[in-house]
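First comes the structure, then the notes that go with it.
What follows draws every value from the coordinates through simple rules; no lab data is involved. Note that this is a predicted model, so its numbers are computed, not measured. Don't worry about glycine lacking a Cβ; one is built from the backbone with ideal geometry, like all the others, and counts go over all protein chains shown.
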Amino acid sequence: MSKTAELKIDGKTYTLPIIEGSENEQAFDVSKLRGDTSVITLDPGFKNTGSTKSAITFLDGEKGILRYRGYSIEELAEKSSFIEVAYLLIYGNLPNPEELQAFQNDIKYHTLVHEDIKKILEGFPSNAHPMGVLSSLVTSLTAFYPESLDPNRSSEAVNMSIIRIIAKMPTFAAWAYKNEVGHPVNYPDNKLDYCSNFLKMMFALPAADYDADPVIANALDKLLILHADHEQNCSTSTVRIVGSSQASLYASISAGINALWGPLHGGANSAVIEMLENIKKDGGDTKKWMAKAKDKEDPFRLMGFGHRVYKNFDPRAKIIKKAADEVLDKLGVKDPVLDIAKGLEYEALNDEYFVERKLYPNVDFYSGIIYRALGIPVDMFTVMFALGRLPGWIAQWKEMRENREPIGRPRQIYVGENVRPYTPVDKR
Ligand code: MLT
C-alpha cells in the first residue's frame, strides 16, 4: 500500500500520492494538483520542490553525504580519475579497462577544434570574461556539428556530441585564458592526460618547454571530480529546462555555463579570493573582518562559508581542504592571502556565532585557495568549475532526454493589476 498525504482545501479533502526514493526521501506528487483542485504550489527558488526523479547523484545535506551513482565522493576523489568519474556519471557504471581505454581514446581523438573557431575567439577583446568566451565557443559547436542540433538522433550520434564537448572543453577553456592574456593559443597534446593537457594549453609559451607538475595535475583532477555533479543545482536545473524544450546538448550546456557564471553559484570561488585580497589590502586583520561579518549593520558579506543544501559541512570542502594543505606544502607556496584564509577558517570553526549558524568554509572557499596556488587566475576559477561540472550537466541532460521528461513550464500566482480599459494618451 503506497503512502499518501491529505490536503484539505475549502472543506474538501484531496489525497496526494507520496513517492519514496531509493534513499528513503519522500515527496508529495502534485503533478495532478492543479487539474484536481485548480490550486498550485508556490515555492520561490524551488527549495522545497523536486523537479525530477534522478539516479545520478545523491546528497544528504544533514549528514554531509555526496555520492555519484552510489559511489561516495570520498572514495572517488581518492581512488578514481576525472575521466573515469565522467564515464560513471554519464553511462551509469564504472568502466571496465576496455571501456575506459576506448572512452579515453575517443576523447583524445576529438580534442582539436576547427581552425575557424580561432576566428570566433579572435573576435573577443582581451577584456572579455572567460565565461562569456567559453559559453560562446560551446554554442559555436552547433555550427560546426549541425547534426548535434537534433537531440532525437540516434544514441550513437548523441554520444558523438557528448564525446566532442568533453574533449573540446579544456581546449576552449585554455583558449579563453590565452585570449585574455594576449598569448597565442596552444593546441592539444594528446600524449598527455586530461589535466596535464589542459595545463599545458593554459600555460605553455612559444619557444619554452612546459611540463605540467604532476602534483598540480593530480590536484586539478581531484578538484574536477569534486565538482563533477551536485544534483539539481542552479546550473544543472538550467541545463535540464533548456534541454526539455529539445534544444541541443550544446545549447543546453552553454546555458548551464551562463547560469554557473553568477556570483551566487559558480562565481563564489572567485568572490572568495576577491574578499581575501580586500582583507589583505586592509591590513589582513581577520578578527576585524569576521566581526564585520557578524555586524548586521555592516554591508560586508562573508563569501565561501555555509551552503544552501549542506547543514553541517560540505563533504567536498573536507577533501579539498586536505588537498589544499598537501599541494601548498608540496609546492612550497607562501602567500599572505592564503594565510588570511587560514585565519578566517580558524575564526569560523571556533567562534560560536559561525558554528551555530553553520557558517563553515565550503567547497568554494577552499577551491579558490587551491586554484590560486595552482597558478590559475581568479576569473578562470568559474571556468574551472564549469570544466568539472560538464559531465554532470551531460549526465543530467541525457537522463532527462532518455526519460522523455516533459518541457519545463512552471506556473505562477499573478499579483498584478486587475482588468482595466485602455485610455488614449491624451486622456491619462
Ligand atoms: C554546486 O556544487 O552546484 C554548488 O554547491 C551549489 C548547489 O549545489 O546548490
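Side notes on the structure shown:
- Subset of 292/321; 79/334; 108/168; 47/321; 108/322 violating a 20 Å alpha-carbon distance limit: 292/321; 79/334; 47/321; 108/322
- Taking a ≥ b ≥ c as the square roots of the eigenvalues of the Cα gyration tensor, the range 4-50 is classed as oblate, since a/c reaches at least 1.5 and a/b does not exceed b/c.
- Residue-wise HN-Hα couplings along the range 243-250, as the Karplus relation 6.51 cos²θ - 1.76 cosθ + 1.60 with θ = phi - 60° gives them from phi, are x, 5, 8, 6, 5, 6, 4, 5 Hz; Gly and Pro carry x.
- Between the C-alpha center of the range 85-134 and that of the range 203-273 there is a gap of 11 Å.
- Charge sum, other residues only, whose C-beta stays under 15 Å from residue 254's C-beta, Lys/Arg counted +1 and Asp/Glu -1: +4
- Between the range 315-345 and the range 361-413, the Cα center-to-center distance that results, in Å: 22
- When each of the peptides 197-210, 134-147, 386-399 is scored by how many other beta carbons lie within 10 Å of its residues on average, the order from highest to lowest is 386-399, 134-147, 197-210.
- Value of [θ]222 nm, deg cm²/dmol, for the chain, DSSP H segments ≥ 4, -39500 (n - 2.57) each, nearest 500: -16000 deg cm²/dmol
- Extension gain (nm, one decimal) between residue 18 and residue 207, 0.36 nm per residue minus Cα-Cα: 61.6 nm
- Dividing the radius of gyration of the alpha carbons in the chain by their Kirkwood radius gives 1.00 for Rg/Rh.
- Length gained on full extension, residue 155 to residue 428, computed as 0.36 nm times the residue gap minus the Cα-Cα distance: 92.3 nm.
- The equivalent ellipsoid of the range 299-377 has semi-axes of 22, 13, 11 Å, largest first, where each one is the square root of 5 times an eigenvalue of the Cα gyration tensor.
- Each peptide in 231-239, 318-326 was scored by the mean count of other Cβ atoms within 10 Å over its residues; highest first, the order is 231-239, 318-326.
- Within the shell of other residues whose beta carbon sits under 15 angstrom from the beta carbon of residue 65, the net charge comes to -3, with Lys and Arg scored +1 and Asp and Glu -1.
- Binned Cα-Cα distance frequencies in the range 66-153 - 10 Å width, integer %: 13, 30, 31, 23, 3
- J(HN,Hα) series, the range 273-283, from Karplus relation 6.51 cos²θ - 1.76 cosθ + 1.60, nearest Hz, glycine and proline x: 5, 4, 5, 5, 4, 5, 5, 5, 4, 8, x
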